[in-house]
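Here's the structure, in C-alpha cells; my notes come after.
The values are calculated or read from the model by the stated rules, or taken from the named source; none is laboratory data. Predicted, not measured: the structure shown is a model, and the values here were computed from it. Positions of Cβ are backbone-derived with ideal geometry, glycine not excepted, and every protein chain shown enters the neighbour counts. All accessible areas refer to the heavy atoms of the entire protein, side chains included, with ligands and DNA or RNA removed. Shrake-Rupley method; radii C 1.70, N 1.55, O 1.52, S 1.80 Å.
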Amino acid sequence: MKETLLSNCERDFLLQAIAEKKRLDGRQTYDYRKMKITFGTDYGCCFVDLGKTRVMAQVSCELVAPKESRPNEGIMFFNIELSPMASPTFEQGRQSELSVKLNRQLERCLRNSKCIDTESLCVVSGEKVWKIRVDVHVLNHDGNLMDVASIAAITALCHFRRPDVSIQGDEVTVYSPEERDPIPLSIYHMPISVSFSFFQQGTYLLVDPCEREERVMDGLLMIAMNKHREICSIQSSGGIMLLKEQVMRCSKIASVKVSEITELLIKALENDKKARKEGGRCGFAESMPQERITALKFEETSVEMTDVAERASDVVQGAEAPPLMVPSPVVPVPGVGQVGLGLQNTWGLEEEDDDEEEEAEECANRGEEGEEKVTKMEVERHKKDASREEDVVVLSDSEEEEVVVLHPETSAKTPNTAGPRSHQNGAATSKKRKKK
C-alpha cells in the first residue's frame, strides 16, 4: 500500500508550527518523547516504547562454524522486520528501502563499533562458535524507528544470557539453565542512536521527529554515541548540506541524550535483575495490572453475613403490599372502547337489549331451518333404503370389470330414475357379451 501524502494545508501548518518552535505533541525542540523499557519472561526479550512507536527485540544464539577469515570470533547477525501491523505502508514478505537502511545503520552502530567481545563467543577455535542473532520487530510506527531499534537491540543484548558449555576432548556439552546458570555477554559499551531532523534547508532542527514531522523534513542526521562521548557511527540522508557548526551542535545534544537514555537503560536492567532474584513479578507479569479485566487474580472483598436474615425480614415487613388489580380508567365516550381484566367490553354503540333480541330471532330462524332440513334428510334416507332393497348386485372376479348395480325394468314406483339406469344395464350387458 502506498503512503498517503500530506495535503498542502497540513504541510504548511507543520512547517509554520516548527518555525514558531512549536510541535504537535507539545514538546520543545530538543525534547524526547516518553520512553518505557520492559522485559519479557525469557532472557533477551525487550520492549521499548517511545511515544506511540513500539519495538520488540529478541536475542537468540546457536553453535555454528566460524568464518574462515576469523576462526576465533563469534558471529553477530541483525534483522529488522517491518510488518503491516506497524503501518499499512509496510509490505509483508519483501524488504523495502527503509528496512535495508535501518538494518545497515544498526550493523554499523552495534557490530562495527565492537561493543560486544566476539572473541568470548568462541567455543572451539576454527570449529564451533556462538552465533548471536538479534531480531527487531516493529510493532507500531510513529516515527524515529532507528533510535528505538538501537535502544531495543542493545538492551536485549545486555539482558541476554547464553547457555554454559564445557569441552572434554572433542566433545562439547551444552548445559540447560536448570543444570548451570546461563552466562551474560561481554559488552564493552552501549552505543545509542540519536536522530536529528532538519527543515527549510537546515534552518530549523528537531530531536526525535514523529511520523508527520518525518514527512515534511528536508534531511536527517543520525549519530550513534556511547556515554563516554565516543561517536560510533554517523550518517546523513537527504538533499541538504550541513555545516561543521551544525554537526558539532548535534553531537553535543546527542551526548546529553545518550547519557540520559543509558541511565534509564541501566536502571531498568537492575530492577529486572532484582525482581528475578527475589522471585517477584517480572517480565509480562509485571506489566499486567491488578485492576484491569486481563488480570488473573483479584483481591477478595469481605462481606458480613451475620444478620442477613434479620435485615431481609425487616425489608419485607417494611415494604408495601402490591395492589391486587391495577385500576384502569373507563372512557364512556361513544366510539372508544377499552378491554381489560375486570372491566366490561365497551366496544360497539348498540344497547344490550337490541343485541339480545337479535340473537333470539337468529336462534328461532336457525331452529325452523334445522327442522326443514331434518325432514328432507329423512325422506331421502327412506328413498335410498327402498332402492337398495330392489337393487341387484353383480360381482365379478376379473380386475377389468367394474361393479354394476342392475335394476329391474318392471319398477313402476320410480319412473324418472328407471330410464337412465336401464340404459346403464343395457350397456353393461352388451360389454359382457363382447368380451365373451
Original post:
If you go through the range 57-74, how many residues are more than 14 Å from ARG133 (Cβ to Cβ), touching a residue at least 40 places away in the same chain (Cβ under 8 Å) and not charged (D, E, K, R)?
Top reply: 4
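Output the number of residues of the range 164-191 satisfying the condition of being touching a residue at least 24 places away in the same chain (Cβ under 8 Å), of a type outside the set (A, V, I, L, M) and either open to solvent by 30 Å² or more (accessible area, probe 1.4 Å) or over 18 Å from ARG133 (Cα atoms) (or both).
5
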Subject >> Restricting the range 90-104 to residues that are of a type in the set (A, V, I, L, M) and in contact (Cβ under 8 Å) with a residue 12 or more places away in the chain, the residue that is surrounded by the most Cβ atoms within 10 Å (Cβ to Cβ) >> reply: LEU102
**OP:** Could you grab me the full set of residues in the range 117-146 that are of a type in the set (Val, Ile, Thr) and open to solvent by less than 10 Å² (accessible area, probe 1.4 Å)?
**Re:** VAL129, ILE132, VAL134, VAL136, VAL138
Original post:
Looking at LEU221, is it open to solvent by less than 20 Å² (accessible area, probe 1.4 Å) and either in contact (Cβ under 8 Å) with a residue 24 or more places away in the chain or aliphatic (A, V, I, L, M) (or both)?
Top reply: yes
Original post:
Of all residues in the range 168-215, which are of a type in the set (S, T, N, Q) and out of contact with any strand residue (DSSP E or B) (no Cβ under 8 Å at 6 or more places or on another chain)?
Top reply: GLN168, SER176, GLN200, GLN201, THR203
**OP:** Determine, yes or no, whether ALA149 is within 25 Å of GLU263 (Cα to Cα), touching a Cys at 6+ places or on another chain (Cβ under 8 Å), of a type in the set (A, V, I, L, M) and open to solvent by less than 70 Å² (accessible area, probe 1.4 Å).
**Re:** no
Original post:
Any idea which of ALA268, ALA254 is surrounded by 13 or more Cβ atoms within 10 Å (Cβ to Cβ) and over 23 Å from ILE18 (Cβ atoms)?
Top reply: ALA268
Subject >> Set ALA57, ALA65: member being modelled with pLDDT of 90 or more and out of contact with any Phe, Trp or Tyr (no Cβ under 9 Å at 6 or more places or on another chain) >> reply: ALA65
Subject >> Every residue from the range 37-84 that is open to solvent by less than 50 Å² (accessible area, probe 1.4 Å), β-branched (Val, Ile, Thr) and closer than 23 Å to GLU270 by Cβ >> reply: ILE37, THR38, VAL48, VAL55, VAL59
Subject >> Odd one out for GLY143 among (1) modelled with pLDDT under 90; (2) out of contact with any Pro (no Cβ under 6 Å at 6 or more places or on another chain) >> reply: (2)
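Answer with yes or no whether SER87 is in contact with a His (Cβ under 6 Å, 6 or more places away or on another chain), surrounded by fewer than 18 Cβ atoms within 10 Å (Cβ to Cβ) and under 20 Å from GLY143 (Cα atoms).
yes
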**OP:** Would you confirm whether any residue within the range 192-202 is open to solvent by 10 Å² or more (accessible area, probe 1.4 Å) and either among the β-branched types (Val, Ile, Thr) or under 39 Å from the mean Cα position of the chain (by Cα) (or both)?
**Re:** no
